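*Asks:* Got a structure for you, questions after.
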Amino acid sequence: MEINIGINEKNRQSVAFELSKILADEFVLFTKTKNAHWNVEGVDFYDKHKFFEEQANQLNDSVDSIAERIRTLGHIAPASLKSYLQLTQLAEPKQSKYDSQSFIKELLSDNETIINHLRKNINIFANDYEDLGTSDFIAGLMQDHEKTTWFLRTLLK
């Protein structure tokens, strides 16, 4: 059945591809956050264990929303670790320490990378691809990551 939502197929395909990259970043960040949740050590273990769990739960919701947005545009969401690793701009963790500060620094950097990528795409989705819905959607994701970076930065003081 033809999709008639005011965005042509070429633009929907381009948006879905860019959203797939965002989905990959979010999934990799989710995995890295679960790593922090499971493996954090130190005197602040319990507090950070709970904090990382909350962050992972939020990312899980984001991953689901992004995949559903891709499906809304009529495309298949990538759903394999191989595809995520091919699409992501985030690096595998180089963990040598398992203290909260090390995890926080890495997660802060990853969140900032995602914020910058989202910010770059807001106007592209709206202007180049005529998709205000996805533009608005990723603006919301960006705001969520901005709040997360505020929390993470505060924990480093």
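*Asks:* Only one residue in ASP136, ASP99, ASP110 is within 20 Å of GLN58 (Cα to Cα) and either touching a strand residue (DSSP E or B) at 6+ places or on another chain (Cβ under 7 Å) or in contact (Cβ under 8 Å) with a residue 60 or more places away in the chain (or both). Which one? Write out each step before concluding.
*Replies:* Values: ASP136 fails: either touching a strand residue (DSSP E or B) at 6+ places or on another chain (Cβ under 7 Å) or in contact (Cβ under 8 Å) with a residue 60 or more places away in the chain (or both); ASP99 fails: within 20 Å of GLN58 (Cα to Cα).
Among ASP136, ASP99, ASP110, only ASP110 is within 20 Å of GLN58 (Cα to Cα) and either touching a strand residue (DSSP E or B) at 6+ places or on another chain (Cβ under 7 Å) or in contact (Cβ under 8 Å) with a residue 60 or more places away in the chain (or both).
*Asks:* What number of residues within the stretch 116-143 are more than 17 Å from SER65 (Cα to Cα) and among the aliphatic types (A, V, I, L, M)?
*Replies:* Qualifying residue count for the region: 2.
*Asks:* A follow-up question, please. Which of the numbered conditions does ARG153 fail, given that it passes all the others? Conditions: (1) within 29 Å of GLN13 (Cβ to Cβ); (2) surrounded by fewer than 17 Cβ atoms within 10 Å (Cβ to Cβ); (3) touching a residue at least 24 places away in the same chain (Cβ under 8 Å).
*Replies:* All conditions pass for ARG153, except number (1).
*Asks:* Look through LEU29, LEU23 and report the one residue that is of a type outside the set (Phe, Trp, Tyr), farther than 18 Å from GLU112 by Cβ, buried (at least 22 other Cβ atoms within 10 Å of the Cβ) and within 15 Å of the chain's Cα centre (by Cα). Give the derivation first.
*Replies:* On the way: LEU29 fails: farther than 18 Å from GLU112 by Cβ.
None of the other options fit; the residue is LEU23.
*Asks:* Any residue at all in the stretch 143-155 that's assigned to a helix (DSSP H, G or I) and more than 25 Å from LYS48 (Cβ to Cβ)?
*Replies:* Initial filter on the stretch 143-155 (assigned to a helix (DSSP H, G or I)): 143-155.
Okay, now just the ones that are also more than 25 Å from LYS48 (Cβ to Cβ), so none.
No: the stretch 143-155 contains no residue that is assigned to a helix (DSSP H, G or I) and more than 25 Å from LYS48 (Cβ to Cβ).
*Asks:* Give just the number: which of (1) touching an Asp or Glu at 6+ places or on another chain (Cβ under 9 Å); (2) of a type in the set (Gly, Ala, Ser); (3) closer than 19 Å to THR134 by Cα does GLY42 not satisfy?
*Replies:* For GLY42, the failing item is (3).
Each reported figure results from applying straightforward, stated rules to the coordinates on display, with no laboratory input. Note that the coordinates shown come from a computational prediction; the quantities given were computed from them, not determined experimentally. Cβ: placed from backbone, ideal geometry, glycine included. Neighbour counts: every protein chain shown.
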